[in-house]
Amino acid sequence: MFRGVLIDKQDGQQSASMQMLSEDSLPEGDVTVRVAYSTLNYKDALAITGRSPVVRKFPMVPGIDFSGTVEASANPDFAVGDQVVLNGWGVGEGHWGGLAELARVPGKWLIPLQSPFTLRQAMGLGTAGYTAALCVLALERHGVTPDKGPIVVTGAAGGVGSVAVAMLSKLGYEVAAVTGRPQEAEFLTSLGARQILERAELSNPGRPLEKERWAGAVDVAGGQLLANICAAMRYRGVVTACGLAAGMSLPATVAPFILRGVTLAGVDSVMAPIAERIEAWRRLAKDLDIHLLESLLREIALEDAIAVAPELLAGQVRGRVVVRVGPSR
Ligand code: NDP
């Protein structure tokens, strides 16, 4: 038996609780992992609270990420004792996830823990950190370099945003951080942001084209915020869009794309190919100040995950939440 968070649905009502689970109930997979850490991402909070239909099968162990040690393997690429990381692949949505002491998955979903990260640090970054790195890779792929001009990052005090601010600043970009929490200005400045913008300034409907400001953007918000950012891109600027914290809509015009050659680059972490994942983790290892990572982290115990999920959706969590599932290491 092992401990885990379980989401169930009875009479159309979804609920999450801590349970003792049987190893026999683990899903199919050729690698069993003793989970050391998981994390709370925005999507996990949606799943736990039932705010959006993230969970596709019941009962479900949430947790779209985990790090841990291989306990049993029928996969030639992984041996007992290997330290591994999993991000995405629908885990915690359609396949039992990381908020439990054991997980069983196809080995092709796992990547080796990237040096120099510990299992805790890897989950300190988690999907949010790895997605921030995917956004940086997308900016670079589309030709953005620090000399082209400033980069704007939305949801800057959240998970994806804070890692993006820290990474881009270390890479030499001038970063403008957009936040709904001006009280986090000092925190964002400590990550390297040179300018703090209040979210409200960018949240009202604007003109199809605004003054050219940004060479690049990392947007976790969507909605009017993303539309306004597109309108304020410099000629041939690049916007990476990865989130919907402000909404699913995109009330924009085509003007920035056809008149300024702006690129809107979508970023998805869930099904990204393994090679790109490994590259993103390699870049986190190289381009993120590991000492800053600690300032982004709040560690909670597995049994606290259910209570913290609503805080995350309310935008009250700074940086990243790492969930201690196994003994501390
Ligand atoms: P967090 O909850 O850690 O951060 C989200 C941040 O967004 C908040 O901290 C807040 O930052 C900002 N925010 C909250 N509400 C609004 C709003 N109404 N309008 C604008 N900004 C708002 O979440 P994550 O960083 O983990 O995820 C951010 C987004 O990215 C989510 O939508 C998530 O689903 C998506 N995502 C997508 C991935 C992909 O593969 N495409 C992978 C990972 C995440 P502040 O207070 O600073 O304004």
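FYI, it's all coordinate maths here, none of it is from the lab. A quick note: this is a predicted structure, and the numbers were derived from the prediction, not measured. Heads up, the Cβs are rebuilt from the backbone with ideal geometry, glycines too, and the neighbour counts pull from every protein chain shown.
The distance linking region 63-92 with region 172-199 is 35 Å (Cα centroid to Cα centroid, whole angstrom). Long hydrophobic helices in the chain: the complete DSSP H runs spanning 18 Å or more by Cα along their own axis with mean Kyte-Doolittle hydropathy of at least 0.5 are 119-141.
The trypsin sites (Lys or Arg not before Pro) of region 202-256 meeting both criteria, a DSSP state outside H, G, I, E and B (loop) and at most 11 other C-beta atoms within 10 angstrom of the site's C-beta, are 211.
Close amide H partners of residue 236, meaning residues 5 or more places away or on another chain with modelled amide H under 5 Å apart, are 261, 262. Candidate cross-link partners of residue 286 among the lysines, defined by an alpha-carbon separation under 17 Å and a same-chain spacing of 8 or more, comprise 170.
Springs between Cα atoms under 10 Å define the GNM used for the chain, and in it the highest mean-square fluctuation of 116, 62, 256 occurs at 116.
Evaluate the Kirkwood expression for the hydrodynamic radius of region 1-121, namely the inverse of the mean inverse distance over all pairs of different C-alpha atoms, and round to one decimal in Å. List each step's numbers first, then the result.
Working: mean 1/r = 0.0700 Å⁻¹.
That comes to 14.3 Å for region 1-121.
Proximity of backbone amide H atoms, modeled 1.01 Å from N, is registered between residue 39 and 65, 323 at under 5 Å, excluding neighbours fewer than 5 places apart on the same chain. Beyond 24 Å, the tail of the calculated P(r) for region 191-329 holds 47 percent of the Cα pairs.
With both bridge residues required to lie in the chain, what share of the DSSP beta bridges run antiparallel, to the nearest 5%? Don't skip to the end; give the middle numbers.
Numbers: 32 of 57 bridges.
Within the chain, antiparallel bridges account for around 55 percent of the total.
Dipole magnitude for the chain: computed about the Cα centre from +1 point charges on Lys and Arg Cβ and -1 point charges on Asp and Glu Cβ, it is near 820 debye. The equivalent ellipsoid that matches the C-alpha gyration tensor of region 127-266 spans semi-axes of 20, 17, 14 angstrom, in descending order.
The peptide list 200-206, 29-35, 317-323, put in order of mean Cβ contacts within 10 Å with the highest first, becomes 317-323, 29-35, 200-206.
Just to confirm my numbers, what's the Cα centroid distance between region 256-329 and region 102-141 in Å? Computed from Cα coordinates, the inter-centre distance equals 9 Å. Cross-link partners for residue 57 among the aspartates and glutamates, with Cα-Cα distance under 15 Å and sequence neighbours closer than 8 places in the same chain left out: 8, 11, 28, 44, 93. Here region 194-249 is assigned +1 on the Cβ of each Lys and Arg and -1 on the Cβ of each Asp and Glu. Its dipole about the Cα centre then comes out at about 200 debye. In order along region 95-106, the phi-based Karplus estimate (6.51 cos²θ - 1.76 cosθ + 1.60, θ = phi - 60°) of 3J(HN,Hα) comes to 9, 3, x, x, 8, 7, 5, 10, 9, 10, 9, x Hz; Gly and Pro are listed as x. Net charge dipole, region 127-266: roughly 280 debye, given to the nearest 20, about the Cα centre with Cβ charges of +1 for Lys and Arg and -1 for Asp and Glu.
Taking each DSSP H run with n ≥ 4 as -39500 (n - 2.57) and averaging over every residue of the chain yields -8500 deg cm²/dmol at 222 nm.
Over all directions, the average projected area of the alpha-carbon convex hull for the chain comes to how many nm²? All intermediate terms of the calculation are to be shown ahead of the outcome.
Values: hull surface 64.0 nm².
If you wrap the Cα atoms of the chain in a convex hull and average its projections, you get 16.0 nm².
Using Cα pairs closer than 8 Å and at least 6 residues apart in sequence, work out the relative contact order for region 127-266, in percent.
Computed value for region 127-266: 22 percent relative contact order.
When you count the other C-beta atoms within 10 angstrom of each residue and take the mean per peptide, 123-129, 85-91 line up highest first as 123-129, 85-91. Summary value for the chain: 19 percent relative contact order, contacts being C-alpha pairs under 8 angstrom separated by 6+ residues.
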